[in-house]
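J.: To start, I am sharing the structure in question, which I have written as structure tokens.
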Amino acid sequence: MSRYVIVGNGTAAIGCVEGIRFVDPLGKITVLSKENHPAYCRPLISYFLEDKTDPKKMLYRAETFYEDNGCEVLYNVSATALDPETKTLTLDSGDTLSYDKICVATGSSPFVPPMENLENVKNRFSFLTLDDAKALKKAVKPSSRVLIIGAGLIGLKCAEGLRAITKNITVCDLADHVLSSILDAKDAAFVQKHLEANDLKFTLHNSVAKFKGNTAIMQNGDEIPFDILVTAVGVRANWGLVKDAGGACGRAITVNEKMETSLEDVYAAGDCTESTDISDSLIKVMALMPNAYMQGYTAGINMAGGEKVFDNAIPMNSIGFFGLHMMTAGSRKGQMKTDIQKDSIKRFYKEDGKLIGFVLIGDVQNAGVYTNILRNQIPIKSLSEFNIKKSPSMATYDEEFRRKTLESVVK
Amino acid sequence: MKRVFVKEEWCLGCHLCEYNCAYANSGLSSMVKALQGKPIFPRIHVNGNDSVTFAVSCRHCTDPLCVKSCISGALHRENGVVCIDKNKCVGCLTCMLVCPYGALVQDETGTVTKCELCTKNSCGTPACVAGCPNNAIVFEERCEE
């Protein structure tokens, strides 16, 4: 009987369990969880702040998941060292575990750039885990003045969640526009206007030079007093186990299409890995929940002796703030076509007759049609229509694909 | 398992399937009360162009991308039927970003709604199929590859 160990208990880990069990109903699976919770939906922590969900509803799978899948879960446990020669894993308790196949799904940790006197700020929070969110929710009062460092996806979702509690929220970022990882400056300005209409305040192209008690002295000389500080600048892959064991790493753990690392019988999945973005062929950390699941599932199948590749990863995001939805996928390169309406922006990026990226703000209906065209590199010429002013639909595809989809069972 | 399939040459583009769907899922006994003067959020949609129309609803894929991508654990499979736990959905719309067929929509609650083959309402069997005047929508078993 095979012995599987999964280091981590997030989305990739759950995908891995489901992948293993798809092939092998019997092998022993041990899941190591650093947090003291069953797997939950991390991106939902901002919804928890505004009471749109609760820890029970946030569970990623049914309460009986581990039992149903015959998994042993060790909570409050971290792995400290991996030895691929002896196939053993050392835990922070000093115990060791042996494995036949192991999946490293250790995720990422908040990265906080050095800021003078930061360590003396009392009410300081990260925003990555459920425990972070619980602590933050407890600390913030309707009268609290909140300063959030980072106007990216995490910082702004945090701001939206906190807006349900307090009106006094300022977000700063070194970048000159919000959501710089997914939007260009023009589109970001459109979104920022909407955020400001919902009472968020911004100071961009600006960073904290130092803290004087509960006041941030900014690079541009402004002083921002606050009661609560949230640092949401970015994250770094938790790659230590693989890197220290001599495994190949770039900016995160290097994996192939089967989710194998360079170490024998060691797989990795999720936010701790980097892989190829097929929209521009560059190697990237695509720390997204859907990718984490697919990677974990792929790793699991291969670990159990099946065969599966995940070879069409693209960066993609679906996110909304105060009712304004936006979806982005692929790259913002190549030839751009734009449709701008009063309440919406659509941008499409093409290269060699193929769609390589899109940005949709405000009107996101049926966006999955575009994602499918992008991901499967379907030539735009072969489509029945590609009218950027209209929402896409099954009518976008050619007749053969449409008939096959509507008349037979699809995968 | 039985699924909904569409014969596009038989579709009249009458949109009755949309109304029957919205009514079936309204939980109301009166069609007038369910539909009159309200925005409706059917789980099947007539798409098409100048020369052809066809109804599109969830394909209940054997390996559904929406379930794998769901960030809230709301989308799941029950005996092959792709279902959504509206209580868990937060309306992030990631499923709409990944569904190749445009089969999911956001309803008035802000959460996502989709075809569950009328397994969760009092019809028990798809209302779109029963009400299609030209048999363009059928509910039957076809082989899985």
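J.: Checking A:F322 against (1) within 19 Å of the chain's Cα centre (by Cα); (2) farther than 28 Å from A:N372 by Cβ: exactly one of these is not met. Which one?
T.: The one condition A:F322 does not meet is (1).
J.: What number of residues within segment B:79-93 are outside any loop (DSSP other than H, G, I, E, B) and free of Cβ contacts under 8 Å to residues at least 24 places away in the same chain? Don't jump to the end; show me each part of the working.
T.: From segment B:79-93, those outside any loop (DSSP other than H, G, I, E, B) are B:81-84; that's our starting set.
Of the ones still in play, those that are also free of Cβ contacts under 8 Å to residues at least 24 places away in the same chain are none.
Of the residues in that region, 0 qualify.
Listed here are the residues, each with its yes/no results for (1) surrounded by 13 or more Cβ atoms within 10 Å (Cβ to Cβ); (2) within 13 Å of the chain's Cα centre (by Cα); (3) within 12 Å of chain A (Cβ to nearest Cβ).
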residue	(1), (2), (3)
B:M1	no, no, yes
B:V4	yes, yes, yes
B:E8	yes, no, yes
B:L12	no, no, no
B:S26	yes, no, no
B:S29	no, no, no
B:P42	yes, yes, no
B:V46	yes, yes, yes
B:C58	yes, yes, yes
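J.: State which residue is surrounded by the fewest Cβ atoms within 10 Å (Cβ to Cβ) when the search covers only segment A:297-323 and only residues that are hydrophobic (A, V, I, L, M, F, W, C), touching a residue at least 60 places away in the same chain (Cβ under 8 Å) and in contact with a Phe, Trp or Tyr (Cβ under 9 Å, 6 or more places away or on another chain).
T.: A:A304
J.: For segment A:14-54, how many residues meet the condition of being under 23 Å from A:A79 (Cα atoms) and either among the polar types (S, T, N, Q) or within 14 Å of chain B (Cβ to nearest Cβ) (or both)?
T.: 15
J.: For segment A:379-391, which positions are surrounded by 14 or more Cβ atoms within 10 Å (Cβ to Cβ) and under 15 Å from B:F54 (Cβ atoms)?
T.: A:S384
J.: If you go through segment A:351-395 one residue at a time, how many are within 8 Å of another protein chain (Cβ to nearest Cβ) and either in contact with a strand residue (DSSP E or B) (Cβ under 7 Å, 6 or more places away or on another chain) or in a helix (DSSP H, G or I) (or both)?
T.: Residues that pass the stated criteria total 9.
J.: Now for a separate question. Condition (residue is modelled with pLDDT under 95 and out of contact with any strand residue (DSSP E or B) (no Cβ under 6 Å at 6 or more places or on another chain)) applied to segment B:111-118: is it met by at least one residue?
T.: Quick first cut of segment B:111-118, residues modelled with pLDDT under 95 only: none.
No, segment B:111-118 has no match at all.
J.: Sort through A:I148, A:I154, A:I182 and tell me the only one that's surrounded by 15 or more Cβ atoms within 10 Å (Cβ to Cβ) and farther than 30 Å from A:A268 by Cβ. Walk me through it before giving the result.
T.: Values: A:I154 fails: farther than 30 Å from A:A268 by Cβ; A:I182 fails: farther than 30 Å from A:A268 by Cβ.
Sole residue among the options that is surrounded by 15 or more Cβ atoms within 10 Å (Cβ to Cβ) and farther than 30 Å from A:A268 by Cβ: A:I148.
J.: When you scan segment A:143-152, do you find a residue that is over 29 Å from A:W239 (Cβ atoms), away from chain B (no Cβ under 14 Å) and touching an Asp or Glu at 6+ places or on another chain (Cβ under 6 Å), even just one? Working first, answer last.
T.: Within segment A:143-152, the subset over 29 Å from A:W239 (Cβ atoms) is A:143-147.
If we keep only those that are away from chain B (no Cβ under 14 Å) too, we end up with A:143-147.
Applying the additional criterion that residues be touching an Asp or Glu at 6+ places or on another chain (Cβ under 6 Å) yields A:144-145.
Yes, some residue in segment A:143-152 is over 29 Å from A:W239 (Cβ atoms), away from chain B (no Cβ under 14 Å) and touching an Asp or Glu at 6+ places or on another chain (Cβ under 6 Å).
J.: Could you please give the count of residues in segment A:265-284 that are without any contact (Cβ under 8 Å) to a residue 60 or more places away in the chain and either β-branched (V, I, T) or part of a loop (DSSP other than H, G, I, E, B) (or both)?
T.: Step one: of segment A:265-284, the residues without any contact (Cβ under 8 Å) to a residue 60 or more places away in the chain are A:273-277, A:281-284.
Retained after the next criterion (residues that are either β-branched (V, I, T) or part of a loop (DSSP other than H, G, I, E, B) (or both)): A:273, A:276, A:281, A:283.
Qualifying residue count, segment A:265-284: 4.
J.: Next question. Which condition does A:K101 not pass, out of (1) in contact with a His (Cβ under 9 Å, 6 or more places away or on another chain); (2) crowded, with 18+ Cβ neighbours inside 10 Å, if it passes all the others?
T.: (1)
J.: Could I ask something else about it? Are any residues in segment B:94-140 part of a helix (DSSP H, G or I) and among the polar types (S, T, N, Q), and if so, which ones? Reasoning before the result, please.
T.: Within segment B:94-140, the subset part of a helix (DSSP H, G or I) is B:94-98, B:127-131.
B:T94 - this is the single residue of segment B:94-140 that is part of a helix (DSSP H, G or I) and among the polar types (S, T, N, Q).
J.: Inside segment B:82-108, can you point out the residues that are among the β-branched types (V, I, T), more than 11 Å from chain A (Cβ to nearest Cβ) and under 20 Å from B:S26 (Cβ atoms)? Steps first, answer last, please.
T.: Of the residues in segment B:82-108, the ones among the β-branched types (V, I, T) are B:82, B:84, B:90, B:94, B:98, B:105.
Then drop every residue that is not more than 11 Å from chain A (Cβ to nearest Cβ), which leaves B:82, B:84.
B:I84 - this is the single residue of segment B:82-108 that is among the β-branched types (V, I, T), more than 11 Å from chain A (Cβ to nearest Cβ) and under 20 Å from B:S26 (Cβ atoms).
J.: Being more than 12 Å from chain B (Cβ to nearest Cβ) and of a type in the set (G, A, S) narrows it down to one of A:A329, A:A292, A:A299, so name that one. Even if it seems obvious, please write down each step before you answer.
T.: Details: A:A329 fails: more than 12 Å from chain B (Cβ to nearest Cβ); A:A292 fails: more than 12 Å from chain B (Cβ to nearest Cβ).
Step by step, each of A:A329, A:A292, A:A299 is checked, and only A:A299 is more than 12 Å from chain B (Cβ to nearest Cβ) and of a type in the set (G, A, S).
J.: Could you tell me which of the residues A:D339, A:D343 is assigned to a strand (DSSP E or B), on the phi < 0 side of the Ramachandran plot and not assigned by TED's automatic domain parsing to the domain that holds A:K157?
T.: Working: A:D343 fails: assigned to a strand (DSSP E or B).
Within the list A:D339, A:D343, the selection yields A:D339.
J.: I've got another one for you. Can you name the residue in segment A:102-130 that is in a helix (DSSP H, G or I) and touching a residue at least 40 places away in the same chain (Cβ under 8 Å) and, of all such residues, is nearest to A:A81 (Cα to Cα)? Step through it out loud before you land on a result.
T.: The initial filter retains those residues of segment A:102-130 that are in a helix (DSSP H, G or I), namely A:118-120, A:130.
Remaining after also requiring touching a residue at least 40 places away in the same chain (Cβ under 8 Å): A:118, A:120, A:130.
Numbers: A:L118: 31, A:N120: 32, A:L130: 26 Å.
The selected residue is A:L130.
J.: What single numbered condition from (1) of a type in the set (A, V, I, L, M); (2) crowded, with 20+ Cβ neighbours inside 10 Å; (3) in contact with a strand residue (DSSP E or B) (Cβ under 9 Å, 6 or more places away or on another chain) fails to hold for A:L59?
T.: (2)
J.: Same structure, new question: Could you tell me whether A:T405 is out of contact with any strand residue (DSSP E or B) (no Cβ under 8 Å at 6 or more places or on another chain) and either within 14 Å of another protein chain (Cβ to nearest Cβ) or of a type in the set (S, T, N, Q) (or both)?
T.: It is true that A:T405 is out of contact with any strand residue (DSSP E or B) (no Cβ under 8 Å at 6 or more places or on another chain) and either within 14 Å of another protein chain (Cβ to nearest Cβ) or of a type in the set (S, T, N, Q) (or both).
J.: Here is a follow-up. Would a scan of segment B:113-123 turn up a residue that is at positive phi, at the interface with chain A (Cβ under 10 Å from one of its Cβ atoms) and surrounded by 18 or more Cβ atoms within 10 Å (Cβ to Cβ)?
T.: No, segment B:113-123 contains no residue that is at positive phi, at the interface with chain A (Cβ under 10 Å from one of its Cβ atoms) and surrounded by 18 or more Cβ atoms within 10 Å (Cβ to Cβ).
The values are calculated or read from the model by the stated rules, or taken from the named source; none is laboratory data. Note that the coordinates shown come from a computational prediction; the quantities given were computed from them, not determined experimentally. Don't worry about glycine lacking a Cβ; one is built from the backbone with ideal geometry, like all the others, and counts go over all protein chains shown.
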